[in-house]
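Data first, discussion second: the structure below is written as structure tokens.
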Amino acid sequence: MSAVTLPLAKNLGPSLRRWRVINRVKQQALAEELKVSQSKISRWESGTFEQEGPELRRLLNLLVARPETAADRALQALVMQSSHPVHLVCDLTHRLLAASPKRTRDWHIPLSDLMDKPLWRFASDGIRSAEDTLGDNGWYEPLGPDIVFDTERADFAEMTIPQSRIRITRLPLSDGRFVRLVRDDPSTAA
């Protein structure tokens, strides 16, 4: 697995807990699998203990979204063929998994140059602010809501983020890992 950066390390604990609950894995069983104590799993989930080195790599390997089933690949294909500006990223790392042609029209480099790479470095202040409030807005709950927020224009050599209202939806893949569907929210323009 290549080096993966986490936009916000505090997202790891809630993501781990949600993955574990959805997959019906007890803390003790996960601890044995990861070769750590059950109390360490509990502290990771609560955010009172930071992961590092080999432990972080094992956690990321467990949680990073990898669309592998036919259903997961169908979701990717739907995004790639959409007539709306939409893209799909790993919920934990913001690694790009798919993007529609309408989304990539503001990108200055080919889609292939950004696929499977984190988009976090292109986050505007509005996107960063929204990310900071995900937990407070119920994002990690079992039936977490869509999050709608405004973002300002941000220009990068590789892409332009237009001023817009964004809607993000957290979707589970077949194996319980999560992706984020990012689309323009048509209800109101920014």
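The values are calculated or read from the model by the stated rules, or taken from the named source; none is laboratory data. The shown structure was predicted, so the numbers you read here are calculated from the model rather than taken from an experiment. Don't worry about glycine lacking a Cβ; one is built from the backbone with ideal geometry, like all the others, and counts go over all protein chains shown. We work out accessible area using only protein heavy atoms, side chains counted, and drop any ligands, DNA or RNA first. Shrake-Rupley method; radii C 1.70, N 1.55, O 1.52, S 1.80 Å.
Points to keep in mind about this one:
- On the stretch given as the stretch 172-190, residues that are in a strand (DSSP E or B), open to solvent by less than 60 Å² (accessible area, probe 1.4 Å) and at pLDDT 90 or above total 5.
- Given (1) in contact with a Pro (Cβ under 6 Å, 6 or more places away or on another chain); (2) exposed (fewer than 13 other Cβ atoms within 10 Å of the Cβ), index of the condition ALA157 fails: (1)
- Checked against the criterion of being in contact with a strand residue (DSSP E or B) (Cβ under 8 Å, 6 or more places away or on another chain) and of a type in the set (Lys, Arg), the stretch 87-95 contains one or more residues that satisfy it.
- Taking first residues from the stretch 68-90 that are surrounded by 14 or more Cβ atoms within 10 Å (Cβ to Cβ) and partners that are β-branched (Val, Ile, Thr) and in a loop (DSSP other than H, G, I, E, B), the Cβ contacts under 8 Å between residues at least 6 apart in sequence or on separate chains come to CYS90/VAL64.
- Residues that are assigned to a helix (DSSP H, G or I) and either of a type outside the set (Ser, Thr, Tyr) or in contact (Cβ under 8 Å) with a residue 24 or more places away in the chain (or both), drawn from the stretch 108-126: LEU111, ASP113, LEU114, TRP120, ARG121, PHE122, ASP125, GLY126
- Top-ranked residue in the stretch 129-139 [being open to solvent by 50 Å² or more (accessible area, probe 1.4 Å) and free of Cβ contacts under 8 Å to residues at least 40 places away in the same chain; ranked as farthest from ARG17 (Cα to Cα)]: SER129
- Sole residue being part of a loop (DSSP other than H, G, I, E, B) and within 21 Å of the chain's Cα centre (by Cα), chosen from ARG66, ARG73, ARG18, ARG58: ARG66
- Test for VAL36: is it at pLDDT 80 or above, surrounded by 15 or more Cβ atoms within 10 Å (Cβ to Cβ) and over 19 Å from GLY135 (Cβ atoms): yes
- Residue list for the stretch 98-121, restricted to those being surrounded by fewer than 19 Cβ atoms within 10 Å (Cβ to Cβ), modelled with pLDDT of 95 or more and within 17 Å of the chain's Cα centre (by Cα): MET115
- Any chance ARG103 is in a helix (DSSP H, G or I), farther than 26 Å from ARG18 by Cα and out of contact with any Leu (no Cβ under 7 Å at 6 or more places or on another chain): yes
- Checking the stretch 148-171 against the condition returns no match, with no residue being under 13 Å from the mean Cα position of the chain (by Cα) and part of a loop (DSSP other than H, G, I, E, B).
- Of the residues making up the stretch 157-170, those that are farther than 21 Å from TYR140 by Cα and without any contact (Cβ under 8 Å) to a residue 40 or more places away in the chain are GLN163, SER164, ARG165.
- Filtered residues of the stretch 116-167 (kept if hydrophobic (A, V, I, L, M, F, W, C) and farther than 20 Å from GLY13 by Cα): LEU119, PHE122, ALA123, ILE127, VAL148, PHE149, ALA154, PHE156, ALA157, MET159, ILE161, ILE166
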